[in-house]
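Worksheet for the structure shown next.
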Amino acid sequence: MDVDVWTLRDLMRAATIATGPRRRELLTAACDIYTAPLADGQDYEWLQPHRETVRRWGTEAQLLLADDLLDSNPQTASDLLDKAIGLDRYNEALYAKAMHARHALGDADGIRTLLRALTKALADLDAEPQDDTITLATQLRTSLDEK
């Protein structure tokens, strides 16, 4: 029997010790497997903690693969980070990494858009972006303007 959750778990475990092309292959497979919340549409009482764990694995797969691809393929890294943000819209670290990807693409407007999206998401929690994140966005945009 083949179960996607087990396969995702196994791929993530293998990816943590793999390097180079093998690591990318494992992470790509993990990203391809996680397409929706665990047991989407179901509302079992016991399900939420398991759904959260699997969502974290899916988000981590996107982030790790984006990290691996940022220098060689910033567009794919940016796309992966957008997907990760869709999975975890309150994760400020994802937005910061996505800003680096937009910077690699020369996309100052994309950096600004990410900061706005983060600000809006965190407002749902009565929070604001950290000063470090705001500074990062400003520095990345400024460095693009200077080119």
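The values are calculated or read from the model by the stated rules, or taken from the named source; none is laboratory data. Worth saying up front: this structure is predicted, and the values here are computed from it rather than measured. Here the Cβ is made from the backbone with ideal geometry for all residues, glycine too, and neighbour counts use every protein chain on show. Just so you know, the surface numbers come from the protein's heavy atoms only, side chains and all, with ligands and any DNA or RNA stripped out. Shrake-Rupley method; radii C 1.70, N 1.55, O 1.52, S 1.80 Å.
Rounded, prolate or oblate for the range 40-114? Axes are the square roots of the Cα gyration tensor eigenvalues, ordered a ≥ b ≥ c, and the cut-off for rounded is a/c under 1.5. Cα axes put the range 40-114 in the prolate bin. In a simple Cβ point-charge model (Lys, Arg +1; Asp, Glu -1; nothing else charged), the range 43-147 has a dipole of about 220 debye relative to its Cα centre.
Screening the chain for whole DSSP H helices with an alpha carbon extent of at least 15 angstrom along the helix axis and a mean Kyte-Doolittle hydropathy of at least -0.5 yields 4-17, 20-33, 74-87, 92-104, 108-123, 131-145.
Classified by the C-alpha gyration tensor, the chain has an oblate form. Its axis ratio a/c, with a ≥ b ≥ c, is 1.5 or above, and a/b does not exceed b/c. Once both labels are positioned 7 Å from their Cα atoms along Cα-to-Cβ, the gap between residue 50 and residue 4 label points is 1.4 nm. The helix-based estimate of mean residue ellipticity at 222 nm for the chain, built from -39,500 (n - 2.57) per DSSP H run of four or more residues and divided by its residue count, is -24500 deg cm²/dmol to the nearest 500.
In this simple spin-label model, placing a label point 7 Å from the Cα along the Cα-to-Cβ direction at both residue 127 and residue 139 gives a separation of 2.2 nm. Sorted largest first by accessible area at a 1.4 angstrom probe radius, with every protein chain in place, the residues 134, 33 fall in the order 134, 33. Within the full protein context, the accessible area of residue 24 is estimated at about 80 Å² for a probe radius of 1.4 Å. Exposed loop sites here are GluC sites (Glu not before Pro) in DSSP loop states with at most 16 other C-beta atoms within 10 Å. What is the longest stretch of the chain lacking them? Segment 46-145 is the longest. Only protein heavy atoms count here; under a 1.4 Å probe, residue 90 has an accessible surface of about 90 Å². The distance between label points at residue 13 and residue 104 comes to 3.0 nm (points 7 Å beyond Cα on the Cα→Cβ vector).
How high is the FRET efficiency between residue 39 and residue 90 when r is their beta carbon distance and R₀ equals 22 Å, given to the nearest 0.05?
FRET efficiency, residue 39 to residue 90: 0.50.
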